[in-house]
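Participant: Please read through the structure below; I'll follow up with questions.
The values are calculated or read from the model by the stated rules, or taken from the named source; none is laboratory data. If you're wondering where the values come from, they're calculated on a predicted model, not measured in any experiment. Heads up, the Cβs are rebuilt from the backbone with ideal geometry, glycines too, and the neighbour counts pull from every protein chain shown. The area values use the complete protein model at the heavy-atom level, side chains included, leaving out ligands, DNA and RNA. Shrake-Rupley method; radii C 1.70, N 1.55, O 1.52, S 1.80 Å.
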Amino acid sequence: MRNFKLLLSLFIALSAGLNTTAQEKDPARLTLDRIYNSGEFNTDRARSISWINNGDAFVTIENENGNDQLIKYESKSNDRSIFLSAAALTPEGTNQALNVADFSLSNDESKILIFTNTSRVWRSNTKGDYWVYDLDTQKIKQLGTQLPASSLMFAKFSDSNENVAYVSGFNLYEENFKTGEVTQLTKDGDGAIINGTFDWVYEEEFGARDGFRWNPDGKHIAYWQLDASEIGTFYMINTTDSVYSKPIPIQYPKVGYDPSSAKIGIVNAETQETNWIPVPGDPVQHYIPAIQWINDDLLLIQQLNRKQNTLKIYTWKPSTQSIKNVYTETEDTWVDLQYPDVSANQWGKNDLLLTKDKDAFLRMTENDAWRHINKIDFKTGKKTLLTPGDYDVAAFYTATDKNVYFSDSPEDPAQRYLFEASLKGKGKPKRLTPAEFNGINTYQIAPNGKYAIHNHTNVNTPATTRLISLPDHKTIKVLVDNAALKAKLATLDLPETDFFQVETEDGIVVEGRITKPINFDSSKKYPVLFHVYGEPWGQMATDNFIGMYDIFLAQNGFVIINLDNRGTPSLKGSDWRKSIYRKVGVVNSRDQAMATKKLLKDWSFLDADRVSVWGWSGGGSMTLNLMFRYPEIYKTGMSVAPVANQLFYDNVYQERYMGLPQENKEDFIEGSPVTYAKNLEGNLLIVHGTGDDNVHYQNMEFLVNELIANNKQFTMMAYPNRSHGIYEGANTRRHLYTLLTNYLFEHNGK
């Protein structure tokens, strides 16, 4: 033990010394301290906006002299004015303006809801205090003062602007803004019964947090009720905040276990009586990821079956108490609600995109060889194909009275551009993004379709944010140019990044991205690091800024490669994406390994004796599978927060892509890295947060036991009480990347 401590101290000192002296000798070279500690390379980002006046203006949060205020910008000119001053945001009897985490406006834009004093629920800060500022009376008032502080969730105005509804303590409340009268609309919420919000898995896998919708009549509220009483409790352990450990319980449905039952009720705000909607099917064996009002007397309900291969859309008519199935979509694999894509910015927005007249909805489907947008008429069920052709739609944004705006890149799956198509299904879709913006482009489009917030990046360029007009795509104002970061980058030795394709021995053409070391010489041999993910929720070989860590590695002589195997959400057809069904861990790892094998053969500058791989979450699982299944290829692996055993993960995600273990458990076992842990030959570092409520630390310990049983040596690092992102606590990210870098340099460096 004494010798181990001495060696470790010497290694850390040498690594720190190498970083420090490199910075002192050459300011064109990066160090980890410069990346994670100095603030030199911070990225500026535009704050979120809310469109007002149908998109002719927008409001955002800005801070001045330490106080938040709301600022209004005219879309046409970007003219600035104060919408809500810091003084207006200062409650009576105080001298400090509210810290504005978020805000929303009433339908008539006469009142503003301010969300402040927030706290985290699972991944997002969705609990807090709400205040209402009345633009007519110019007064600010706190809501829910009789309830515990920082306990209100999802407050929103009724269309009549008389009342605000919110959730507190798993129950739904209504408050009259003028009189202050509070009415508790549900009373059975206790954590096992959940009203107006969701359990862990609905939030994690459907992005569902806000669980109620005002009827436009202002008298009724449709809401979810989940019964989580049968959900198993998983306990995390906090051992550092007290001399005695503390269990942290989470309602977490594991693979093969039933989810919470879900039903939809409509509560009368005057009588507090709930009418439950008789949605067909077993409420335990189905999910209801979305509801939305079309008008006063029509509610839209989306329902997925447990296997998630059938989507049904119902309409409920309260006046006649009638339910109607207006649309059914099935696949042999799975049906996606919102398709994962690098350009999709609608996570959690599961509502269907309606046409302006609300006679039809738009839906992306994969029922043929490609993903397309269809318009479906509510009354007749008639489908109109809006995007014909042999290409995939990446994501869609909004619809005007004539067109739909969507993201696409028919020629290159690494890039994304804005297109528009006619809602009549006539003519060819038109690209709107100018050629000068090569790379990844994303948009937040105004309701009137005349303006948008445009974000652009490519491998060499950090994000730039512009206010533009549409459809001409003219820049009105550059909102964020990241000039300081770009100036800093210009002082560095920067690597070159290119895109390529490689065909494996299985005849699979894999897209790739390669970042070469600075002063690259093809006659030399370089260590190579594969940064992987490889599951249906992430694409890696995309034309967005490579980031400071990859630049650092390239400056230190590494080749960095990203590959997109089958199963990733690349724009390469439905068969490409769906071929991973029931084969997660098998198909994707083979594609990665066979592509790597071909690259090592074709590119003599890659040193086959110094091949490393690393990834996080699904990428951590991929790293393990590659190290265990293909030990002859990969010499060093760094796996962060991996799923080691697929039977330990949540049911919604894993069953979507793998089926039910009651029917095909052998597929879950075959795809799990732990099954092949006995084959480890190379160097392996496993990293996990003990407070990971997503991929539980249980995965680490289960894998460790298997490696021990097979006498396999490895290195592990546990971060106490850190979540899946491993960022909480002072110095955590810097420490983590120092750990990864030291391990990489020690085993597969220059």
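Participant: Here are some residues: E273, E203. Which one is within 22 Å of E728 (Cβ to Cβ) and either open to solvent by 70 Å² or more (accessible area, probe 1.4 Å) or within 25 Å of the chain's Cα centre (by Cα) (or both)?
Facilitator: On the way: E273 fails: within 22 Å of E728 (Cβ to Cβ).
It is E203.
Participant: I'm checking my understanding of the structure. Among residues of the stretch 362-392 that are outside any loop (DSSP other than H, G, I, E, B) and polar (S, T, N, Q), which one is nearest to the chain's Cα centre (by Cα)?
Facilitator: The qualifying residue nearest to the chain's Cα centre (by Cα) is T365.
Participant: Can you give me the number of residues within the stretch 445-470 that are open to solvent by 70 Å² or more (accessible area, probe 1.4 Å) and either over 19 Å from N42 (Cβ atoms) or among the small types (G, A, S) (or both)?
Facilitator: Of the stretch 445-470, the ones open to solvent by 70 Å² or more (accessible area, probe 1.4 Å) are 450, 460.
Going one step further and asking which of them are either over 19 Å from N42 (Cβ atoms) or among the small types (G, A, S) (or both), we end up with 450.
Going through the stretch 445-470 one residue at a time, the tally reaches 1.
Participant: Could you list all residues from the stretch 51-70 that are of a type in the set (A, V, I, L, M, F, W, C) and closer than 14 Å to I114 by Cα?
Facilitator: Of everything in the stretch 51-70, those that are of a type in the set (A, V, I, L, M, F, W, C) and closer than 14 Å to I114 by Cα turn out to be V59, I61, L70.
Participant: Does G427 satisfy the condition of being closer than 30 Å to D377 by Cβ and surrounded by fewer than 18 Cβ atoms within 10 Å (Cβ to Cβ)?
Facilitator: yes
Participant: Could you identify the single residue in F545, F530 that is within 28 Å of E40 (Cα to Cα), more than 22 Å from the chain's Cα centre (by Cα) and open to solvent by less than 50 Å² (accessible area, probe 1.4 Å)? Walk me through how you get there before you give the answer.
Facilitator: Numbers: F545 fails: more than 22 Å from the chain's Cα centre (by Cα).
Being within 28 Å of E40 (Cα to Cα), more than 22 Å from the chain's Cα centre (by Cα) and open to solvent by less than 50 Å² (accessible area, probe 1.4 Å) holds for just one of F545, F530, which is F530.
Participant: Quick one: what pairs do we get from the stretch 26-45, first residue within 22 Å of F558 (Cβ to Cβ), second crowded, with 19+ Cβ neighbours inside 10 Å and basic (K, R), C-beta under 9 Å, 6+ apart or different chains?
Facilitator: Note: pairs meeting the criteria are E40/R34; F41/R34.
Participant: For the stretch 129-175, name all the residues that are assigned to a strand (DSSP E or B) and out of contact with any strand residue (DSSP E or B) (no Cβ under 7 Å at 6 or more places or on another chain).
Facilitator: Selection gives K139 alone.
Participant: Pick from A395, A414: which is in a strand (DSSP E or B), touching a strand residue (DSSP E or B) at 6+ places or on another chain (Cβ under 9 Å) and not polar (S, T, N, Q)? Before you say what the answer is, go through the steps one by one.
Facilitator: Details: A414 fails: in a strand (DSSP E or B).
Just a single option satisfies the conditions, and that option is A395.
Participant: Quick test of your reading of the structure: D650 fulfils all but one of (1) of a type outside the set (V, I, T); (2) within 24 Å of N305 (Cβ to Cβ); (3) in contact (Cβ under 8 Å) with a residue 24 or more places away in the chain; (4) open to solvent by 10 Å² or more (accessible area, probe 1.4 Å). Name the failing condition by number.
Facilitator: It fails just one condition, (4).
Participant: A further question follows. For the stretch 334-354, does any single residue satisfy the condition of being closer than 26 Å to E204 by Cα, more than 21 Å from the chain's Cα centre (by Cα) and assigned to a loop (DSSP other than H, G, I, E, B)?
Facilitator: no
Participant: Still on this structure: Name the residue that is surrounded by the most Cβ atoms within 10 Å (Cβ to Cβ), counting only residues in the stretch 600-626 that are in contact (Cβ under 8 Å) with a residue 60 or more places away in the chain and charged (D, E, K, R).
Facilitator: So, considering only residues that are in contact (Cβ under 8 Å) with a residue 60 or more places away in the chain and charged (D, E, K, R), the one surrounded by the most Cβ atoms within 10 Å (Cβ to Cβ) is R610.
Participant: Filter the stretch 499-518 down to the residues that are in contact (Cβ under 8 Å) with a residue 12 or more places away in the chain and surrounded by fewer than 16 Cβ atoms within 10 Å (Cβ to Cβ), then identify the one that is farthest from K597 (Cα to Cα).
Facilitator: By that ranking, first place goes to F500.
Participant: Taking the stretch 643-702, which residues are part of a helix (DSSP H, G or I), over 16 Å from G585 (Cβ atoms) and among the β-branched types (V, I, T)?
Facilitator: V652
Participant: Here are the criteria: (1) surrounded by fewer than 17 Cβ atoms within 10 Å (Cβ to Cβ); (2) more than 28 Å from the chain's Cα centre (by Cα); (3) at pLDDT 90 or above. Tell me which single one N65 does not satisfy.
Facilitator: That leaves (3) as the condition not met.
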